[in-house]
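One structure is given below, encoded as structure tokens.
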Amino acid sequence: MPTFQAPRGTADRLPAEQKYWRYIEAHAADVARRFGYGRIDSPMFEDAGLFVRGVGEGTDIVEKEMYVFEDRGGDLLTLRAEGTAPVCRAYLQHGLHNGPQPVRLYYLCPVFRYERPQAGRFRQHHQFGVEAIGDPDPSVDAEVIELAWTLMHDIGLQDITLFTNSIGDANCRPEYIAALQSYYEKSAGHLCPDCRGRLERNPLRLLDCKVATCRALGEEAPKSVECLCADCQTHWDRVQSYLAAIGVPNRVDHRLVRGLDYYTRTVFEIQPAVEGAQSTICGGGRYDALMEQLGGRPTPGIGFGSGIERLALNLQRAAAPVPDEPSPRYLIATIGAGARVAGVGLAHRLRAAGVGAILANGGRALRGQMRQASALGVDAVLILGDDEVRDGTVAVRNMASSSQDVLPLEQFVRDAAGVSPS
RNA sequence: GCGAGCAUAGCCAAGAGGCCUAAGGCGCCUGUCUGUGGCACAGGAGAUCACGGGUUCGAAUCCCGUUGCUCGCCCCA
């Protein structure tokens, strides 16, 4: 065993798995562009209070999962525990309310939570997310959901389901929670120990308990969508009609609640069909009260986060076609010390012209250099020996067709630089 | 925070107390082929058997502890 290993719950991403990331990132950026979302990058760490205020004091993220540390100046900082609060902080800090609303933003960044790692769960993971801030209109809810759905579709995930729900707002949620509590109190004796605690601390979460007896109770529990106030009801109905209009299928799941305190009204998740824990690949919702929590003026917002590791995992499971990273176009093989100098020079000229070229391991016989070319998957090998150097030529061997031509070196460089680089 | 399983080379892995100076495969390197790849054949390099302690005449193998990994619960992306 090596002395040092990557810290628990973190992972090196080796070249072989980069293609999934490049693929997802490229599609995410393209979908964001088509929907008019601009990229935002926030710092990797923030004032610890930001997440306490934003995500909610009673949440697991804040209570036991944050990486908190004091820096040398005595400031209490937190590694980014979540994507939305920093974006909202930036919105307030830079007065983004002065532009046309909503402000449409997306991000792609690492997120840190101290958890026990398991399949699809890490201490450092990466999220693509979007936030549309400053517009309460239900069409924005539909837009954000459509964006998420489009991304899943574009990267090639087929068997996925979109779940939606509305959990009301400050007007109607207290009443709903009271109804929920009185319903569950009648059966308190049948609840699992965890749920007995939830009854007081976080009644909404009673609904998504996985214990069979609690599940059964949850089926019959009062539904939040049946307790909405008039405004929330209208909003919810419109979201549903817009989703229907753009053909995004969704299943209303009255047990869908989310673990972050800031959600209001619309909440949604996307899950793949394959069973398993940690399966949610996208989760989000509206957070109309968050800005006030962070000290800003009341400003509505909605967004989602999506875990890149989980997307990559699902792409691999589904054997979705993901293009390989391009190999360098040329490998330069040299024979002898004099040709080596010429090879170094040729590699330099090709690279300067924007063409991909690598020099073969020079200690090897030509055969070994050819093997290396095969293993690397280059298009062609450029062979330089004493004859070529003397004549000012280069032997160009096309690896796919096994054809080989000897060309004047200058002509070859000119032609190679002229075609599209790779 | 709770529970379960696993730990032998870069990767996969045989191994059930002495025949282990640790099989085999992939990958890597070399040669067969003095300047030509994919195939084949031959050879080579690469392992304090996770770490520490114990039992035993003898431990990769049995026991204990530690660490790490994996999976599940909780929670979340």
Breaking point among (1) loosely packed, with under 15 Cβ neighbours inside 10 Å; (2) within 16 Å of RNA strand B (Cβ to nearest atom), for A:Gly95 = (2)
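Which of the helices (runs of 4 or more DSSP H) found entirely inside region A:305-422 contain at least 2 residues meeting this: hydrophobic (A, V, I, L, M, F, W, C) and touching a helix residue (DSSP H, G or I) at 6+ places or on another chain (Cβ under 8 Å)?
Of the helices (runs of 4 or more DSSP H) lying wholly inside region A:305-422, those with at least 2 residues that are hydrophobic (A, V, I, L, M, F, W, C) and touching a helix residue (DSSP H, G or I) at 6+ places or on another chain (Cβ under 8 Å) span A:308-317, A:337-352, A:409-418.
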ask   = Does any residue of region A:215-235 turn out to be within 16 Å of RNA strand B (Cβ to nearest atom), outside the structural domain of A:Asp141 (by TED's automatic domain parsing), under 22 Å from A:Asp261 (Cβ atoms) and not polar (S, T, N, Q)?
value = yes
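Hey, among the residues in region A:47-56 that are within 13 Å of RNA strand B (Cβ to nearest atom) and at negative phi, which one's surrounded by the fewest Cβ atoms within 10 Å (Cβ to Cβ)? Please lay out each step first, then the result.
Here is the first cut: in region A:47-56, the residues within 13 Å of RNA strand B (Cβ to nearest atom) are A:51, A:54-56.
Checking which are at negative phi leaves us with A:51, A:54-55.
Numbers: A:Phe51: 26, A:Gly54: 26, A:Val55: 24.
Checking each candidate, the answer is A:Val55.
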ask   = Pairs under 7 Å by beta carbon, first residue of a type in the set (Ser, Thr, Tyr) in region A:142-168, partner in a helix (DSSP H, G or I), six or more apart or different chains?
value = A:Thr150/A:Val31; A:Ser166/A:Ser224; A:Ser166/A:Val225; A:Ser166/A:Cys232; A:Ser166/A:Trp236
inquiry  = Scan region A:291-299 and tell me whether some residue there is assigned to a strand (DSSP E or B), on the phi < 0 side of the Ramachandran plot and within 26 Å of the chain's Cα centre (by Cα).
reply    = no
Region A:250-270, residues that are out of contact with any Leu (no Cβ under 8 Å at 6 or more places or on another chain) and near RNA strand B (Cβ under 9 Å from one of its atoms) = A:Arg258, A:Gly259, A:Leu260, A:Asp261
key: Matching residues, region A:354-407, being touching an Asp or Glu at 6+ places or on another chain (Cβ under 9 Å), farther than 13 Å from A:Tyr330 by Cα and of a type in the set (A, V, I, L, M, F, W, C)   = A:Val406, A:Leu407
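Going residue by residue through region A:326-333, is there one that turns out to be over 30 Å from A:Asp159 (Cα atoms), within 10 Å of RNA strand B (Cβ to nearest atom), surrounded by 16 or more Cβ atoms within 10 Å (Cβ to Cβ) and modelled with pLDDT of 95 or more? Walk me through it before giving the result.
Quick first cut of region A:326-333, residues over 30 Å from A:Asp159 (Cα atoms) only: A:327-333.
With within 10 Å of RNA strand B (Cβ to nearest atom) added as a condition, the list becomes A:333.
Remaining after also requiring surrounded by 16 or more Cβ atoms within 10 Å (Cβ to Cβ): A:333.
Narrowing the set further to residues that are modelled with pLDDT of 95 or more leaves A:333.
Yes, because at least one residue in region A:326-333 is over 30 Å from A:Asp159 (Cα atoms), within 10 Å of RNA strand B (Cβ to nearest atom), surrounded by 16 or more Cβ atoms within 10 Å (Cβ to Cβ) and modelled with pLDDT of 95 or more.
The values are calculated or read from the model by the stated rules, or taken from the named source; none is laboratory data. Keep in mind it's a predicted model, so treat the numbers as computed, not measured. Neighbour counts are summed over all protein chains in view; Cβ atoms, including those assigned to glycine, are modelled from backbone coordinates with ideal geometry.
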